[in-house]
Amino acid sequence: MEGFSSKAPELKVFTLPTCSSCHVAKQIALEVARKLGLAYREIDMNTREGLEEGKAHHVMSVPSIALNDEVIVIGRLLSKEKLEEEVQKRLAKWHARALSERTAQTKQES
């Protein structure tokens, strides 16, 4: 399933130490993650590991935010309300898809 795995959803914020708006992006993402009960992780693109993960997500500018493997925004800030709305849309889509797959699987087993 695209962007979703069996592990808890994780909100990732891609940052750089020199990014002037990354502090705000991290604060907004952390608040949204806490409110929605999501895991939260900051990824420093100034490290080898962070750069590799950024490349895997096609993130080349900061701040950027992803939910699991699905990138929500690249290189700009979103308001707290807009980020929460975007995260909730994706979670609803993933849950609906998972329910549909379980229902189809149950029908096949019957």
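For the range 5-44, the candidate set comprises residues that are under 13 Å from the mean Cα position of the chain (by Cα), touching a residue at least 40 places away in the same chain (Cβ under 8 Å) and part of a strand (DSSP E or B); within that set, the residue that is surrounded by the fewest Cβ atoms within 10 Å (Cβ to Cβ) is Glu10.
Please go through the range 83-110 and give me each residue that is at pLDDT below 80 and not basic (Lys, Arg), ordered by number. Correct list: Ala98, Leu99, Ser100, Glu101, Thr103, Ala104, Gln105, Thr106, Gln108, Glu109, Ser110. Being outside any strand (DSSP E or B), aliphatic (A, V, I, L, M), within 21 Å of Phe14 (Cβ to Cβ) and at pLDDT below 95, is that true of even one residue in the range 60-82? Yes, there is a match, as at least one residue in the range 60-82 is outside any strand (DSSP E or B), aliphatic (A, V, I, L, M), within 21 Å of Phe14 (Cβ to Cβ) and at pLDDT below 95.
The values are calculated or read from the model by the stated rules, or taken from the named source; none is laboratory data. These numbers were taken from a predicted model, which means no experiment stands behind them. Cβ sites come from the backbone with ideal geometry, for glycine too, and all protein chains shown count toward neighbours.
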